[in-house]
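Reading through the structure tokens given below for one structure.
The values are calculated or read from the model by the stated rules, or taken from the named source; none is laboratory data. Quick caveat, the model's predicted, so the values are computed rather than measured. Don't worry about glycine lacking a Cβ; one is built from the backbone with ideal geometry, like all the others, and counts go over all protein chains shown.
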């Protein structure tokens, strides 16, 4: 017959194993991102981590380091520093939104068209149509390369 004290010890051990596994799973995701960014060569990298488990469960950081070391090697794992970040979800969403806006709107810091936009204006306006002189013009009446 199991006592309440024995059951508590088992529950505690299960919680420890689940937390350890979660840390190691997170390290595989981090290593995948680092490889994608070509930062798996030992370049110093700071990774911001949000959440109560990282903040309050002492072994979680250790599990993440061990997982990184196993997947990427000791040199790369030792170059990674984990830091707790408050409101990481909000910051991450803000960074993604800023990156999406920048990709959708290629403009320089003053908000004017950049060289890429100027050079590709004819491509953005659609196909050109022949004009009366045998040349071609874009839908808005200008030349297809935007040099008028």
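Being touching a helix residue (DSSP H, G or I) at 6+ places or on another chain (Cβ under 7 Å) and closer than 25 Å to residue 92 by Cα narrows it down to one of 52, 23, so name that one.
23
Mind listing just one residue for me: the one in segment 74-90 that is surrounded by 13 or more Cβ atoms within 10 Å (Cβ to Cβ) and under 16 Å from residue 33 (Cβ atoms) and, of those, nearest to the chain's Cα centre (by Cα)?
88
From (1) in the same structural domain as residue 17 (by TED's automatic domain parsing); (2) at pLDDT below 55, pick out the condition that doesn't hold for residue 86.
Unmet for residue 86, out of (1) in the same structural domain as residue 17 (by TED's automatic domain parsing); (2) at pLDDT below 55: (2).
Hey, can you tell me all the residues within segment 30-57 that are more than 16 Å from residue 77 (Cα to Cα) and touching a strand residue (DSSP E or B) at 6+ places or on another chain (Cβ under 7 Å)?
54, 55
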